[in-house]
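What follows is calculated from the coordinates using simple rules that are stated; it is not laboratory data. Remember, predicted model here, so these are calculated numbers, not experimental data. A quick note on method: Cβ atoms are made from the backbone with ideal geometry, for glycine too, and the neighbour counts reach across all protein chains shown.
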Amino acid sequence: VPCCIGPSKQSGDAAPNTRRAGLVVAIAAGLLPATIAYDLGQDTTLCWRTTVSVSGSTERENCNGAEVVIDKGSLSNPLKEQREHDVQYEVHIPHALKARPGLTHCNVHSCFRRVGFCTPFVEHSPDLAIHSPQLDHIVLNGSGYAKVKSTISLDSGEYTIIAHVSWLDLNGVKHDMARATIRDVEPANNLAVVYGLSIVGGVVALVCLLASCCGLRWVMNRHKELVAIKEKNKTDRRKRVARVLQQNQNLAYPMCLISYSDFKAIGKLITHEEARERGLLRVIDTVESVREAAKTGYVIFISHQWIGQDEPDFDMQHFHCICSSIEALQNDFVKSDKLIADTDEDTRESLQVLPNVTSQWTSRMEHKDSVLASWAAPEAGTMLTAFLNGKTGSLSSQNGQRRSLDKSTRTRNSKDDETWVWIDYTSVPQRLSTLKLLSIQSLPIYAGLSTYFLIVTPPVENYDIGQTFDLRTYLHRGWCRLECWARFLQSTDRVFVAVGSERNFCLKDVHHEASIFRTFMAVFTADFNDVQDKKQLVDTVVTLYGHMFHRRFSLDKHMQASWKRVHADKHKFFPRSYFHDLIEIAEELVEGGAFLSST
């Protein structure tokens, strides 16, 4: 009787090549006397016994109630080519056979029927048999039963499929048993493809029909949902814009000032946190209190660029320029405020204000001590009076006589304690980003209500990074443009630009620096050390734009030119990626009257 000795497309239980010939002979000898077997078409279990002590000889034995039963319902007939099919079979070994609980081997053999008798004892031989993966984790339950599932995938043909189980008794004797079923495997032909396509076509037609009925309704409902979501988002954005337009009614964060006397005594810029810990900050909580502070004293808002990413000043050049500028304002401009304000325009033309402008500036290259810059020439008085009356654009020391002073000769200006300074590094929280953002939101109030707005742009070279900073680089900085916009929104009066070095220090009226008016609204096209800062400035810029839109017909000529340039190209200056439609919403709210009083 020929044995089915076949190949393995999946893992199999191959016997060693050295045993092949003897094993086939032994199997044949054991099978010839059998008159009851599944190879004769009978649905029965066949059993074999392998005695290791006799050179591994295998012989047929009586199953004595042990059996393998294939669930034929789990296998359709015919099977489909190259598809995975599950073969489920149940194993039963009576307790009397003293089997060990763990089954040593379970799998399925698939032999071509032309080969003949399909046995469990096969090697890897081409075109004869296919084995499913070996399962060795199956355990009998307390009643001696176990359920097993193996997976097969076959090419087209006629097959004898057997379920094969091996187990050991308590004496170590190996027992094999198998049971067979017959199945045909049909090829995947064009008819199957046509059949599949016809099914798919029918499904598509059904889907189209359903879409015309239920699908159309779903689309309409979904459209309504999207419209509702879009409207809700726009409503949320309108509420957001309405809220930020009112930010000039209240301070989001207190205005923190440092007296000029303390500022000068420290001798350098210090952080907000250090100034707070040393008790040097004057904290103003309300807009009315800011107004009162600007009326009863002198609040000077300092706008300057940082000299490097984390460096607000370099070699204290900005500090000394700030001191020079403030002392100039104290000694002449501030002192002359009331006199100028109380005089009519015709009389103001003939006023002669005595010069008393000083500039205290440290020159690290020439002096170790401080230097006092003075305008002592007789013609300086005429120049200063003309500056106050708007007839010249700058106040400089180029014609003055400079003299060095020893520290012991310095005197305290009586205005120091009445002069208060706002400067970002000291007045804005540096450690906590949340508090910093709140302070940024209040910039329009800080800058707009200050007595003076001082732009500090001396030429400073940062040798560490090899870059020079001056008015040109100041105008490229996003934060600097924002501060200028915040001030100009309220007024362009009492705004000065400090330019030049110690030798040619100059204070200029901002109206004589046209470049500032060309760029101050272009915050989002400017440079930022951290581009993420732009996200934090969206609401503040919307606030500034809304208030400027509200006053667009009453702006002075400098502001009008800037407004027209930006308004004509809003998408460039207010990118959609940051603003979406917030600018348009601000215009709608302002034109609709949803705009409260401004500062």
Please compute the contact order of the range 488-581 in relative form: average sequence separation of alpha-carbon pairs under 8 Å and at least six residues apart, divided by the residue count, as a percent. 31 percent
With each pseudo-label sitting 7 Å past Cα toward Cβ, what's the Arg240-Val203 distance in nm, one decimal? 4.3 nm
Count charges around Lys80 for me, please; just the other residues with Cβ under 12 Å from its Cβ, Lys/Arg as +1, Asp/Glu as -1. -3
Treating only Lys and Arg (+1) and Asp and Glu (-1) as charged, each at its beta carbon, one finds that the range 65-185 has a dipole about its Cα centre, in Debye to the nearest 20, of 260 debye
For the peptides 537-547, 573-583, what is the packing order when you average, over each peptide's residues, the other Cβ atoms within 10 Å and list the highest mean first? 537-547, 573-583
Quick one: dipole size for the range 188-273, taken about the Cα centre, charges +1 on Lys/Arg Cβ and -1 on Asp/Glu Cβ, in debye to the nearest 20. 360 debye
If you average 1/r across every pair of different Cα atoms in the range 435-520 and take the reciprocal, what Kirkwood value do you get, in Å? 13.8 Å
Is the C-alpha gyration tensor of the range 65-124 telling us rounded, prolate or oblate? Criteria: a/c under 1.5 is rounded; beyond that, a/b larger than b/c is prolate, otherwise oblate. prolate
Under the 0.36 nm per residue contour assumption, what length would be gained going from the current alpha-carbon distance of His92 and Thr286 to full extension? 60.8 nm
By the gyration tensor of its Cα atoms, with a ≥ b ≥ c the square roots of the eigenvalues, what is the shape of the range 472-599: rounded for a/c under 1.5, prolate for a/b over b/c, or oblate? oblate
Applied in sequence order to the range 286-299, the curve 6.51 cos²θ - 1.76 cosθ + 1.60 (Karplus, θ = phi - 60°) yields integer Hz couplings, x standing for Gly and Pro, of 10, 5, 4, 5, 5, 4, 5, 5, 6, 8, 7, x, 10, 9
If you bin every alpha carbon distance in the range 147-217 into 5 Å steps from zero, what whole percent lands in each bin? 3, 11, 11, 11, 10, 9, 9, 8, 8, 6, 5, 4, 2, 2, 1
How high is the relative contact order of the range 254-310, in percent, with contacts defined as C-alpha pairs under 8 Å that are six or more residues apart? 41 percent
Cα-Cα over 27 Å: which of Lys234/Lys535; Lys268/Lys535; Lys534/Lys557; Lys239/Lys557; Lys508/Lys570? Lys268/Lys535; Lys534/Lys557; Lys239/Lys557; Lys508/Lys570
Evaluate the relative contact order of the range 488-543 (contact order divided by residue number), counting alpha-carbon pairs under 8 angstrom at least 6 apart; express in whole percent. 19 percent
Near Gln560, within a Cβ-to-Cβ distance under 11 Å, what is the net charge of the other residues, with Lys and Arg +1 and Asp and Glu -1? +4
